[in-house]
1. Output the residues belonging to the range 171-192 that are part of a loop (DSSP other than H, G, I, E, B) and in contact (Cβ under 8 Å) with a residue 60 or more places away in the chain.
2. Applying the selection to the range 177-221, what residues are closer than 18 Å to F95 by Cα and modelled with pLDDT under 80?
3. Are any residues in the range 79-92 within 21 Å of D41 (Cβ to Cβ) and either outside the structural domain of S170 (by TED's automatic domain parsing) or buried (at least 20 other Cβ atoms within 10 Å of the Cβ) (or both), and if so, which ones?
4. Under 9 Å by Cβ, and 6 or more places apart or on different chains, what pairs join a residue from the range 74-103 that is within 11 Å of R166 (Cα to Cα) with one that is among the acidic types (D, E)?
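The values are calculated or read from the model by the stated rules, or taken from the named source; none is laboratory data. If you're wondering where the values come from, they're calculated on a predicted model, not measured in any experiment. Cβ sites come from the backbone with ideal geometry, for glycine too, and all protein chains shown count toward neighbours.
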Amino acid sequence: MRLFLCGLQVLLLLLSHQLSAQSPHPPPPTNASSLDSLLQDYSFRAFLRRPRPRTGILYDAAATVPPDLTGIKLSAMRLRSGSLRRRGVPSLKEFSIPKGVIVKPYVTRLVFVYQNLANFSRLYYPPLSGYDYVAPVVGLLAYDAKNLSAVNLPELEITASKDPIRIDFSDDLEPIPQGGGSVQCVSFDSKGKASFRDSVPPGNACETERQGRFSVVVKSVASAPSPSPAPPPPEKEKKKRSESNSRTWITVGSVLGGLVLLGLLMFLVLRCRSYKKRERMKEMERAGETGEALRMTQVGETRAPTATTTRTQPVLETEYAA
């Protein structure tokens, strides 16, 4: 019975693992704000995956991003607020943070979350009217580092009190379209509102005094806008759903079949044990029946067993008389 229960537990674990592996991933965020919250959660996991995360080290968190957002570059760095103000951060990917940065509200430690949306830039920050992106949207957001397991944290406000924060797009800049005009920097606040500013040569860099999301745009060349990719037809969605359901039922059927086979095996084992026990009992009964039988004699009207010999022969008392 223990073997049956252990086998049943193993099969149930396999079934739950298979069903969880086949379950679809949660849908990606629908807007930029929810994307920021999700990326904050995944960037903090980069610290939790290490036994003792160090301060001032930039940890890559792209491996924690779900498959639906594959391609987004994500990193995180934990800093002391006092050290940030005194020293700044000379190089954090495209960002260069000078000395004198003020954090509001004040926290002892903070985490800088760097995000490069890559091919997701136009999805969460649609092209602005009259402009084309020539660089991906990158972001630098600050959060309180008191609890590295916290989610949905509000952004901290960082302000450069002396020199501005610099964003260098020289490695990510796409070729400027013919007749596209001058390059301009664009920044987005937490609500997605865009603000424009001229780029700073050399390298078409951008400057800012606050945290946020940034990119580079040029004025659109007069042409018809490219159509957005059409959503997949409903037939394909139904086909994918039916295939997923079929795989699930096949898995359930396989597990149930395994349970039935295991039950039959245990039944056969128990039957074999019972059969062997009955055979031993019959053998003992046959051994008792084939033993030496006593002779029977007639005593009146009754037959009774009698021994063939006696241990002591009867002697007459007169034989001992002198």
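1. D171, D172, S190, K191, G192
2. Scanning the range 177-221 gives S199, V200, P201, P202, G203, N204.
3. Answer for the range 79-92, where residues must be within 21 Å of D41 (Cβ to Cβ) and either outside the structural domain of S170 (by TED's automatic domain parsing) or buried (at least 20 other Cβ atoms within 10 Å of the Cβ) (or both): just L79.
4. Close Cβ pairs satisfying both conditions: E94/D168; E94/D171; E94/D172; F95/D168; S96/D168; P98/D163.
Listed here are the residues, each with its yes/no results for (1) at pLDDT below 95; (2) of a type in the set (V, I, T).
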site: P66; (1), (2): yes, no
site: L69; (1), (2): yes, no
site: R85; (1), (2): yes, no
site: P90; (1), (2): yes, no
site: K99; (1), (2): yes, no
site: I102; (1), (2): yes, yes
site: V113; (1), (2): no, yes
site: F120; (1), (2): yes, no
site: P127; (1), (2): yes, no
